[in-house]
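Everything below concerns the one structure shown next.
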Amino acid sequence: NAGQRVRGLEFDSRYALSENWVIGFAGAFLAGVMTRFPGAGCTDSEVAAAVNNDAAPCQLLDDDFVKIVPVDAEEAFELTAVINRTGLKAPRTPDWKFVASADFVMPVLGDQFELFGNAKAFVSDGYIVDVEGFSERIRYDQHEDMNIMLGLRNIESGWSVAAFARNILEARPTYHPENDPFPSGTITQHMGPT
């Protein structure tokens, strides 16, 4: 079992600009660390780095859990591969993130209907997403995104209709081929391209 600790400072604020408009600003400064994670599985690149390398952090063990230093990759990928990730930066934990929001409600067509909406935008620094292998192959670099919602509701009967635009800036993880031991698309050395 692994242990993870995240410490930091979070804040959230909302301001009513008028009866119709409320804006907000929130953020976090975080420090996430794996407090305990011995016996984690090695990534393919860590296994490859352990070939013929007694000082590699990835330990290759036989069926009796005796450390082996293989001389070729084929032998290495047949062994149990473990590493101690204690002290590493926690995955899915940015160092900072800021969020700005705006909400509005506006009466229309008398007092029976309301036009309402929300916009939320954020910016965050990068972080790894691989919670099992801690690989840097696919990760979020610094990124930003925005969501918008606009709707109409009937105050008396309670129904509403809304339209949403999500992920407008298309924030998504980035592939880093420099961290991929098999950039041709192979899963392991023993499988063909996918």
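The values are calculated or read from the model by the stated rules, or taken from the named source; none is laboratory data. This one's a predicted model, so the numbers in the text were calculated from it and none came from an experiment. Every residue, glycine among them, receives a Cβ derived from its backbone with ideal geometry; neighbour counts consider all protein chains shown. Please note that ligands, DNA and RNA were not included when accessible areas were found on the heavy atoms of the full protein model with its side chains. Shrake-Rupley method; radii C 1.70, N 1.55, O 1.52, S 1.80 Å.
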Could you derive backbone 3J(HN,Hα) for region 64-77 from the dihedral phi with the Karplus parameters 6.51, -1.76 and 1.60 (θ = phi - 60°), listing whole Hz in sequence and x where the residue is Gly or Pro? 9, 6, 9, 5, 10, 10, x, 9, 9, 5, 4, 5, 4, 6
Where nothing but the Cβ of Lys and Arg (+1) and of Asp and Glu (-1) is charged, how large is the charge dipole of region 1-77 around its Cα centre, in debye to the nearest 20? 740 debye
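How high is the relative contact order of the chain, given as a whole-number percent (alpha carbon pairs under 8 Å, six or more residues apart)? Mind showing how you got there, number by number?
Details: 427 pairs, mean separation 32.3, N = 194.
So the answer I get is 17 percent.
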Once the dipole of region 36-194 is set up from charges on Cβ (+1 Lys and Arg, -1 Asp and Glu), the residue from the list LEU79, ILE155, GLY41 lying farthest towards its positive end is ILE155
Sum of side-chain charges, PRO107 neighbourhood, beta-carbon under 14 Å (Lys, Arg +1; Asp, Glu -1): -3
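For the chain, with every protein chain kept in place, what is the accessible area per residue (1.4 Å probe, Å²)?
62 Å²
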Ignoring everything but the protein chains, give the 1.4 Å probe accessible area of ASP64 in square angstrom, nearest 10. 120 Å²
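What is the dipole size for region 1-142, taken about its Cα centre, with +1 at each Lys and Arg Cβ and -1 at each Asp and Glu Cβ, in debye to the nearest 20?
Details: 12 positive and 22 negative charges, 154 e Å.
The dipole magnitude comes to about 740 debye.
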Each label point is 7 Å from the Cα along the Cα-to-Cβ direction; what then is the distance between the points at ALA49 and VAL71, in nm? 2.4 nm
Using a 1.4 angstrom probe on the protein heavy atoms only, could you order ILE68, ILE83 from most to least accessible area? ILE68, ILE83
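How many percent of the accessible area of region 5-123 is carbon or sulfur, using a 1.4 Å probe? Show your work: numbers first, answer last.
Values: 3980 of 7070 Å².
That fraction is 56 percent.
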Hey, quick one: spin label on ASP111, modelled 7 Å out along Cα-Cβ, who in region 146-179 has an amide N within reach, i.e. under 15 Å? 155-157
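Rounded, prolate or oblate: which fits region 46-90, taking a ≥ b ≥ c as square roots of the Cα gyration tensor eigenvalues, rounded meaning a/c under 1.5, else prolate when a/b beats b/c?
Numbers: a/c = 2.17, a/b = 1.59, b/c = 1.36.
It comes out prolate by the Cα gyration axes.
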Tell me the label-point distance for the pair ASP63, THR35, using the 7 Å Cα-to-Cβ offset, in nm and rounded to one decimal. 3.9 nm
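Once you have a ≥ b ≥ c as the square roots of the Cα gyration tensor eigenvalues for region 1-83, tell me rounded if a/c is under 1.5, and otherwise prolate or oblate according to whether a/b is larger than b/c.
On the way: a/c = 5.11, a/b = 3.77, b/c = 1.36.
Judged from the Cα gyration tensor, region 1-83 comes out prolate (a/c at least 1.5, a/b above b/c).
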Hey, rough spin-label estimate for VAL22 and TYR175, points 7 angstrom out along Cα→Cβ, what's it come to in nanometres? 4.3 nm
